[in-house]
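Asks: The structure follows.
The values are calculated or read from the model by the stated rules, or taken from the named source; none is laboratory data. If you're wondering where the values come from, they're calculated on a predicted model, not measured in any experiment. Reconstructed Cβ throughout: ideal geometry from the backbone, glycine too, with neighbour counts over all protein chains shown. Heavy atoms of the whole protein, side chains included, go into the accessibility calculation; ligands, DNA and RNA do not. Shrake-Rupley method; radii C 1.70, N 1.55, O 1.52, S 1.80 Å.
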Number of protein chains: 4
Amino acid sequence: MTNTHHYAPEFQVRTWFNSERPLLLSALRGRVVVLTAFQVLCPKSVAFAVPQAQRIHEMFEPKDVAVIGLHATFEHHAAITDSVIEAFIQEYRLKFPVAVDAPNDAGPIPHTMERYKMRGTPSLVLIDRLGSIRKHAFGAVDDLRIGAEIGALAQEGGAIALARSSAA
Amino acid sequence: MTNTHHYAPEFQVRTWFNSERPLLLSALRGRVVVLTAFQVLCPKSVAFAVPQAQRIHEMFEPKDVAVIGLHATFEHHAAITDSVIEAFIQEYRLKFPVAVDAPNDAGPIPHTMERYKMRGTPSLVLIDRLGSIRKHAFGAVDDLRIGAEIGALAQEGGAIALARSSAA
Amino acid sequence: MTNTHHYAPEFQVRTWFNSERPLLLSALRGRVVVLTAFQVLCPKSVAFAVPQAQRIHEMFEPKDVAVIGLHATFEHHAAITDSVIEAFIQEYRLKFPVAVDAPNDAGPIPHTMERYKMRGTPSLVLIDRLGSIRKHAFGAVDDLRIGAEIGALAQEGGAIALARSSAA
Amino acid sequence: MTNTHHYAPEFQVRTWFNSERPLLLSALRGRVVVLTAFQVLCPKSVAFAVPQAQRIHEMFEPKDVAVIGLHATFEHHAAITDSVIEAFIQEYRLKFPVAVDAPNDAGPIPHTMERYKMRGTPSLVLIDRLGSIRKHAFGAVDDLRIGAEIGALAQEGGAIALARSSAA
C-alpha cells in the first residue's frame, strides 16, 4: 500500500445500478472505498473480482467500507449495453452499487478508467477514509491480502466490526 | 446413463460460431456428441459448464467426440444479442462450435431447448455414436463422472485415444 | 494410454487395511484396477490423489473397477508406522483397500514401488481387465482425464453402470 | 472479534520445531499472534488451516504478526510421534514455529488445548498486541475474514506493511 496524499479522482459515469441516486466519491469520505473495475465478458472479472467484491460488501459494515463496482467497457462497446450489465447484476445477485463508466469520444477507454490509469479489468483500487488511493492492482488479488489491506485501512478510523457469517 | 432408442432431436438454431457452415446433428452420427447448453449471463454456465466443455473439446479426438455449445436464451432476450455471444466466445477463447438457439414466437423458451425439454442452463446432453440420448443433466456435472461417461460411450466404437496434455 | 501386453507386477506388501484378507492382483483379473500409490505425509497425495481415489471407488461398480491404495514409504520410514497409516485411513474415511508396501532391505524403495518403477508419490496405474498396465502417471491427474480413461477401459468389458450421486 | 481483557494463556508444550529455543507467549507481546492449532492427520487442518497459516506467515512482517503452530494431539497419541510431526513440517515446507502440545496425564486433551478450551482441530486464536484473545474459531476460517481481522489488529499498533508477492 502506498500513500500518495492526492485525492482519488472523482467518478465520471453514465448509469448507476443498485443506487437510488448517483454517488460521488467525495461523499464517501470517511469510509474506505473498494473500487472494483470489471467487465461482464472478462473471464477474470467474472471468476474472481466480482464475487470477491460481493463478499467484501457482505463482510464489512457500510460505515467502514463502501464497495463500488465500476463497469469499464474498453472493447465490445456495441455489444455491452446497459441492459446486459443490468441482467448480469441480477444474475450474479450483486448488492453493491455499480456504475457504468462514461464512454469517451476520444477513444475506447472510458473516462473513469482513464482518470485512474487502469490497465484493464479487473482492477482494484483502495481509497482510504481521507480520500487517498492506497492500493491499485491489476488482475486477481488474493483474499487474504485484500482482507488484510482493507482491515488495516478501516482500522485507521478506530475499532471496526465485521458481519457475522456461517463461513467463519 | 439411459438408453432410449430414440434419435436425439435435430438442432434448430439461428447462428453458428466457430463453424464454417451450419451443423446437423444427423451429420455427427458415428461420434459421441456432448451438447452443452449455456447462457452467457448464467453464473453456473460460465463458472463450470463452459470451461468443462472447452476441456472436453481439447481432450478427445474429433473423430470420437464432438462438443457442441448451444446458447439457450430463455430470458434477457433483448440484452443477449449475437454480438454479446460472439464477444463471450472470443473472451473465453472457446474453440468448439457454438449455435445460438432459435427464438420461439410462442414463448420465451427457444426451439432446441424446448425440443430437448431442458430445464434451464447449464444442461448437458450426451448422444451416443448411434444418435441416441444417453444422459441429460441439469446443473453442474463433476469432471470425473462426465469423463467416465464420455469415455465409456466413445469406447463403444472401439479403441479411443486422448490428446496428450501437460495436466496429466 | 499404452498397451504393453505384459501382466502388471503382483503386489508385495506387508499389511492390508479395509480388506478382510490379502488381495492378489491376479485375483482382480476381469476388473479394471486403479492402483493409487500415496504417502500420508506427501502433500499432493493427500490433497489430490487420495480423495480422487475415494471418489473413483464411490463412482464405479465393484464388478467393473477395483480401487487399490498402495502406501509407498520411501522416506520417513521410522515415522510412518502402520498405526499412522491406519489413523489416516480412519480420519479420511477411506473405504477402498489399502496395502502397505513391503520394505526392502536393499534400499529405501519398497518392493511394489520398485516393481512398478514408480518415481514417487502420488503415482497412478491403470490396469485393464486382462491384467495389462495401460497408464502409469506420476503426480496429480485431472479428474476429466482419469474419468475418461477408466470409463473407456471399463467399457472394454461391455456396458458399465455408474453409481448415482447428487453431484450429477 | 471480542475483547476479553484477559491475557491469553501461556503455552505448555513439549517440543518446538522451527525455533531455536522455546517461545513464551508473553515474550511475543507487542505483536499480533496467530495461533493455529492443527493435527497432521486431521483433513481440515491439512487442507485449510496449515496452508493458510503458512500464507499468513509469509504475508505479514514479523514485527507485526507472529504465526505459531500448535500441534494438538487429542487422539491417535501413540501414532503421532514427534518424528511424524517433524516429517510433516518438512514435507509441507512450513517456516513458522510449531510447538507440540504437552500430553496430559489426566486425559486425552493436551495442556495448551485445554487451557484455551479448544473444541478440536483446526482451531484459530487471534491474540492482540496487548496479549488479549480477540478471536477464537473452530474449523476452517475464510481468507478474506481472517485477513481483515489480522489487518485490523495489526493496525492497532500503527502503520503496517505487507510482504510483496507475485500473487497480488
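Asks: What percentages make up the Cα-Cα pair-distance distribution of the range A:110-168 when the bins are 10 Å wide from 0?
Replies: 18, 43, 30, 9
Asks: Need one number: nm distance between label points at A:Ala106 and A:Ala27, each 7 Å from Cα along Cα→Cβ, rounded to one decimal.
Replies: 2.7 nm
Asks: For chain C, what is Rg from Cα atoms divided by 2.2 N^0.38 Å, rounded to two decimals? Write down the numbers at each step before the final one.
Replies: Numbers: Rg = 15.1 Å, N = 168, 2.2 N^0.38 = 15.4 Å.
Taking the Cα Rg and dividing by 2.2 N^0.38 Å, one obtains 0.98.
Asks: Would you mind calculating the relative contact order of chain A from Cα pairs under 8 angstrom and at least 6 residues apart, reporting the percent as a whole number? Provide the component values of the computation, followed by the final result.
Replies: On the way: 291 pairs, mean separation 58.3, N = 168.
With pairs under 8 Å counted, the relative contact order is 35 percent.
Asks: Which longest uninterrupted range of chain B lacks any trypsin sites (Lys or Arg not before Pro) assigned by DSSP to a loop state (not H, G, I, E or B) and surrounded by at most 15 other Cβ atoms within 10 Å? Numbers along the way, then the final one.
Replies: On the way: sites that count: B:Arg29, B:Lys63, B:Arg93, B:Lys95, B:Lys117, B:Arg119, B:Arg164.
The longest uninterrupted stretch comes out as B:120-163.
Asks: What does the copy distance list look like for A:Glu20, label position 7 Å along Cα→Cβ, in nm and ordered from shortest?
Replies: 6.0, 6.3, 7.2
Asks: In this model, which of A:Lys135/C:Lys44; A:Lys44/D:Lys95; A:Lys63/D:Lys135; A:Lys63/D:Lys63; A:Lys135/D:Lys63; C:Lys63/C:Lys135 are farther than 25 Å apart at the alpha-carbon?
Replies: Where the Cα-Cα span goes over 25 Å, the pairs concerned are A:Lys135/C:Lys44; A:Lys44/D:Lys95; A:Lys63/D:Lys63.
Asks: Would you mind getting the Kirkwood hydrodynamic radius of the range B:25-115 from its Cα pairs, rounded to one decimal in Å? Working shown, then result.
Replies: Values: mean 1/r = 0.0726 Å⁻¹.
Taking every pair of different Cα atoms in the range B:25-115, averaging 1/r and inverting gives 13.8 Å.
Asks: Quick one: Cα centre-to-centre distance for the range C:89-168 and the range A:1-79, in angstrom?
Replies: 48 Å
Asks: Which of rounded, prolate, oblate describes the protein assembly as shown, given a ≥ b ≥ c as roots of the alpha-carbon gyration tensor eigenvalues and a/c under 1.5 marking rounded, otherwise prolate only if a/b is larger than b/c?
Replies: Values: a/c = 2.48, a/b = 1.02, b/c = 2.43.
Note, shape of the protein assembly as shown comes out oblate.
Asks: A further question follows. Show me the GluC sites (Glu not before Pro) within the range C:1-71 that DSSP assigns to loop and that have at most 14 other Cβ atoms within 10 Å of their Cβ.
Replies: Working: sites: C:Glu10, C:Glu20, C:Glu58; in loops: C:Glu10, C:Glu20.
The qualifying sites are C:Glu10, C:Glu20.
Asks: Over the range D:62-115, what percent of the accessible surface lies on carbon and sulfur atoms, probe 1.4 Å? Kindly include the intermediate steps, with their values, before the conclusion.
Replies: On the way: 1170 of 2230 Å².
Of the solvent-accessible surface of the range D:62-115, carbon and sulfur hold 52 percent.
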